[in-house]
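The values are calculated or read from the model by the stated rules, or taken from the named source; none is laboratory data. Just so you know, these numbers come straight off a predicted model, no measurement behind them. Note that we place each Cβ from the backbone using ideal geometry, even for glycine, and neighbour counts take in every protein chain shown. Heads up: the accessible areas ignore ligands, DNA and RNA and are worked out on the full protein's heavy atoms, side chains in. Shrake-Rupley method; radii C 1.70, N 1.55, O 1.52, S 1.80 Å.
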Amino acid sequence: MPYTGKQDAPRKNIENPELYAVFPFRLYGIGQPDLRIAEDTFEARKMRFRGCWSQDPVEAAMLGRSDDARKSVGFNLQNVDPRMKFPGFWDRGHDYDPDEDNGGNGELGLQAMLLQNNGREILLLPAWPKDWDARFKLAAPFRTTVEGEVHHGKLVHLTVTPASRRKDVLVNGEKFK
(Lines give C-alpha, C1' and ligand atoms only; values in the text may rest on other atoms or scores of the structure.)
Protein backbone atom coordinates (compact mmCIF):
# COMPACT_ATOMS: atom_id res chain seq x y z
CA MET A 1 0.00 0.00 0.00
CA PRO A 2 1.27 3.49 -0.72
CA TYR A 3 2.33 5.63 2.24
CA THR A 4 -0.39 8.19 2.97
CA GLY A 5 1.14 10.05 5.90
CA LYS A 6 2.78 13.43 5.92
CA GLN A 7 5.63 13.66 3.40
CA ASP A 8 7.73 16.59 4.47
CA ALA A 9 11.24 15.17 4.84
CA PRO A 10 13.65 17.26 2.77
CA ARG A 11 15.35 15.51 -0.13
CA LYS A 12 19.08 15.20 0.15
CA ASN A 13 19.82 13.46 -3.12
CA ILE A 14 18.82 13.47 -6.79
CA GLU A 15 17.26 10.02 -6.83
CA ASN A 16 13.65 8.97 -7.24
CA PRO A 17 13.32 5.91 -4.99
CA GLU A 18 9.65 5.64 -5.93
CA LEU A 19 10.91 4.44 -9.34
CA TYR A 20 13.11 1.65 -7.99
CA ALA A 21 10.17 -0.66 -8.80
CA VAL A 22 10.94 0.12 -12.48
CA PHE A 23 14.71 -0.05 -12.13
CA PRO A 24 16.57 -1.87 -10.69
CA PHE A 25 13.82 -4.19 -9.39
CA ARG A 26 11.88 -4.43 -12.68
CA LEU A 27 8.48 -4.98 -11.07
CA TYR A 28 6.88 -2.59 -13.58
CA GLY A 29 7.70 -2.04 -17.22
CA ILE A 30 6.88 -2.96 -20.78
CA GLY A 31 4.92 -6.20 -21.00
CA GLN A 32 4.14 -6.26 -17.28
CA PRO A 33 0.87 -5.48 -15.50
CA ASP A 34 -0.03 -1.99 -14.34
CA LEU A 35 2.37 -0.10 -16.64
CA ARG A 36 0.19 2.99 -16.17
CA ILE A 37 1.16 3.15 -12.46
CA ALA A 38 4.84 3.30 -13.41
CA GLU A 39 4.22 5.86 -16.16
CA ASP A 40 2.28 8.10 -13.77
CA THR A 41 5.04 7.74 -11.17
CA PHE A 42 7.69 8.71 -13.72
CA GLU A 43 5.61 11.74 -14.73
CA ALA A 44 5.19 12.79 -11.09
CA ARG A 45 8.82 12.23 -10.03
CA LYS A 46 10.24 15.03 -7.93
CA MET A 47 13.84 14.93 -9.18
CA ARG A 48 14.17 15.66 -12.89
CA PHE A 49 17.86 15.68 -13.37
CA ARG A 50 20.12 14.75 -16.24
CA GLY A 51 23.60 13.37 -15.86
CA CYS A 52 25.66 11.72 -13.18
CA TRP A 53 23.82 8.96 -11.33
CA SER A 54 20.28 10.02 -12.25
CA GLN A 55 18.50 6.90 -13.47
CA ASP A 56 16.14 8.80 -15.77
CA PRO A 57 17.75 7.34 -18.96
CA VAL A 58 17.18 3.77 -17.81
CA GLU A 59 13.74 4.31 -16.28
CA ALA A 60 12.50 6.17 -19.36
CA ALA A 61 13.69 3.33 -21.61
CA MET A 62 12.16 0.67 -19.34
CA LEU A 63 8.82 2.47 -19.72
CA GLY A 64 9.11 2.77 -23.52
CA ARG A 65 9.45 6.56 -23.41
CA SER A 66 11.81 6.93 -26.37
CA ASP A 67 11.79 10.76 -26.38
CA ASP A 68 12.71 11.04 -22.71
CA ALA A 69 15.28 8.25 -23.02
CA ARG A 70 16.83 9.85 -26.11
CA LYS A 71 17.27 13.21 -24.38
CA SER A 72 18.72 11.72 -21.19
CA VAL A 73 21.02 9.24 -22.95
CA GLY A 74 22.23 11.96 -25.31
CA PHE A 75 22.98 14.29 -22.44
CA ASN A 76 24.79 11.65 -20.41
CA LEU A 77 26.99 10.42 -23.24
CA GLN A 78 27.90 13.94 -24.40
CA ASN A 79 28.51 15.36 -20.92
CA VAL A 80 32.29 15.31 -21.31
CA ASP A 81 34.74 17.17 -19.15
CA PRO A 82 36.68 19.64 -21.35
CA ARG A 83 39.58 19.60 -18.87
CA MET A 84 40.26 15.92 -19.57
CA LYS A 85 42.59 14.71 -22.30
CA PHE A 86 40.26 11.98 -23.60
CA PRO A 87 36.72 12.82 -24.82
CA GLY A 88 35.31 9.66 -23.23
CA PHE A 89 35.95 11.04 -19.73
CA TRP A 90 32.69 12.48 -18.49
CA ASP A 91 32.10 15.52 -16.32
CA ARG A 92 32.26 14.60 -12.67
CA GLY A 93 28.77 15.66 -11.69
CA HIS A 94 28.74 14.86 -7.96
CA ASP A 95 31.72 12.63 -7.41
CA TYR A 96 35.19 12.54 -8.90
CA ASP A 97 37.22 13.00 -12.08
CA PRO A 98 36.71 11.32 -14.45
CA ASP A 99 33.12 10.39 -13.69
CA GLU A 100 31.78 6.97 -14.65
CA ASP A 101 28.16 7.62 -13.68
CA ASN A 102 27.30 9.71 -16.77
CA GLY A 103 28.63 7.05 -19.10
CA GLY A 104 27.34 4.11 -17.11
CA ASN A 105 23.76 5.40 -16.91
CA GLY A 106 23.91 6.63 -20.50
CA GLU A 107 25.13 3.27 -21.80
CA LEU A 108 22.66 1.29 -19.68
CA GLY A 109 19.84 3.53 -20.90
CA LEU A 110 20.97 3.10 -24.52
CA GLN A 111 21.01 -0.67 -24.16
CA ALA A 112 17.53 -0.66 -22.56
CA MET A 113 16.27 1.39 -25.51
CA LEU A 114 17.45 -1.46 -27.77
CA LEU A 115 16.81 -4.59 -25.72
CA GLN A 116 14.91 -5.57 -22.62
CA ASN A 117 13.55 -8.86 -21.38
CA ASN A 118 10.34 -9.92 -19.72
CA GLY A 119 10.86 -13.45 -18.47
CA ARG A 120 11.93 -15.44 -21.55
CA GLU A 121 10.69 -12.76 -23.95
CA ILE A 122 13.34 -10.62 -25.63
CA LEU A 123 11.92 -7.16 -26.31
CA LEU A 124 13.74 -5.38 -29.13
CA LEU A 125 13.46 -1.64 -29.81
CA PRO A 126 11.06 -0.99 -26.91
CA ALA A 127 12.14 2.66 -26.69
CA TRP A 128 14.19 3.14 -29.86
CA PRO A 129 13.69 6.47 -31.70
CA LYS A 130 12.28 6.07 -35.20
CA ASP A 131 15.05 8.17 -36.77
CA TRP A 132 18.05 6.42 -35.18
CA ASP A 133 20.22 3.75 -36.79
CA ALA A 134 22.30 1.15 -34.96
CA ARG A 135 24.34 -2.00 -35.24
CA PHE A 136 24.40 -3.99 -32.02
CA LYS A 137 25.41 -7.24 -30.39
CA LEU A 138 24.00 -7.67 -26.89
CA ALA A 139 23.69 -10.39 -24.29
CA ALA A 140 20.21 -11.48 -23.28
CA PRO A 141 19.11 -13.87 -20.52
CA PHE A 142 19.38 -17.64 -20.88
CA ARG A 143 22.81 -17.57 -22.52
CA THR A 144 21.51 -15.73 -25.55
CA THR A 145 23.22 -13.27 -27.87
CA VAL A 146 21.18 -10.90 -30.02
CA GLU A 147 22.86 -9.19 -32.94
CA GLY A 148 21.07 -6.82 -35.26
CA GLU A 149 20.91 -3.75 -37.40
CA VAL A 150 18.38 -0.94 -37.24
CA HIS A 151 17.78 1.61 -40.03
CA HIS A 152 15.40 4.52 -39.43
CA GLY A 153 14.02 2.82 -36.36
CA LYS A 154 13.25 -0.49 -38.12
CA LEU A 155 15.02 -3.78 -37.52
CA VAL A 156 16.50 -4.91 -40.84
CA HIS A 157 18.80 -7.72 -39.67
CA LEU A 158 18.63 -10.09 -36.72
CA THR A 159 20.76 -13.03 -35.58
CA VAL A 160 19.83 -14.79 -32.35
CA THR A 161 22.19 -17.35 -30.81
CA PRO A 162 21.09 -19.98 -30.02
CA ALA A 163 18.63 -19.94 -32.91
CA SER A 164 16.00 -21.67 -30.76
CA ARG A 165 15.56 -18.40 -28.84
CA ARG A 166 14.43 -16.50 -31.95
CA LYS A 167 10.86 -17.56 -31.19
CA ASP A 168 11.04 -15.46 -27.99
CA VAL A 169 11.88 -12.21 -29.82
CA LEU A 170 9.31 -9.41 -29.97
CA VAL A 171 10.02 -6.27 -31.99
CA ASN A 172 7.87 -3.35 -30.89
CA GLY A 173 5.51 -5.87 -29.29
CA GLU A 174 5.19 -8.11 -32.37
CA LYS A 175 6.83 -11.46 -33.15
CA PHE A 176 9.79 -10.97 -35.48
CA LYS A 177 9.32 -12.68 -38.83
Answer with one residue from Leu110, Met84, Pro126: the one whose Cα lies farthest towards the positive end of the charge dipole of segment 83-130, charges on Cβ with Lys, Arg +1 and Asp, Glu -1.
Pro126
Segment 6-81: C-alpha gyration tensor shape, a/c 1.5 cut-off, then a/b vs b/c:
oblate
Cα-centre dipole for segment 35-177 with unit charges at Cβ (Lys and Arg positive, Asp and Glu negative), debye to 20
580 debye
Using a Förster radius of 30 Å, what is the FRET efficiency between Asn172 and Lys46 based on their Cβ-Cβ separation? Nearest 0.05, please.
0.45
Can you send over the carbon and sulfur percentage of the accessible area for the chain, probe radius 1.4 Å, protein chains only?
54 percent
Euclidean distance between Cα centres, segment 32-76 to segment 136-177, Å
24 Å
In this structure, the FRET efficiency calculated for Leu138 and Lys85 from their beta-carbon separation, with R0 = 30 Å, to the nearest 0.05, is 0.50
For the chain: lysine pairs with Cα atoms under 26 Å, gap of 8 or more or different chains, count?
21
I'd like the accessible area for Trp90: 1.4 Å probe, protein heavy atoms, all chains in place, Å² to the nearest 10.
40 Å²
From DSSP H assignment alone, runs of 4+ in the chain each adding -39500 (n - 2.57), the sum over residues rounded to the nearest 500 puts [θ] at 222 nm at -7500 deg cm²/dmol
Would you mind computing, in nm to one decimal, how far apart the modelled labels at Ile37 and Phe25 are, each placed 7 Å from Cα along Cα→Cβ?
1.0 nm
How long is the gain from Glu107 to Ser164 if the chain were fully straight, where each residue apart is worth 0.36 nm and the alpha carbon distance is subtracted?
17.7 nm
Whole number in Å², please: accessible area per residue of the chain, 1.4 Å probe, ligands, DNA and RNA not counted.
60 Å²
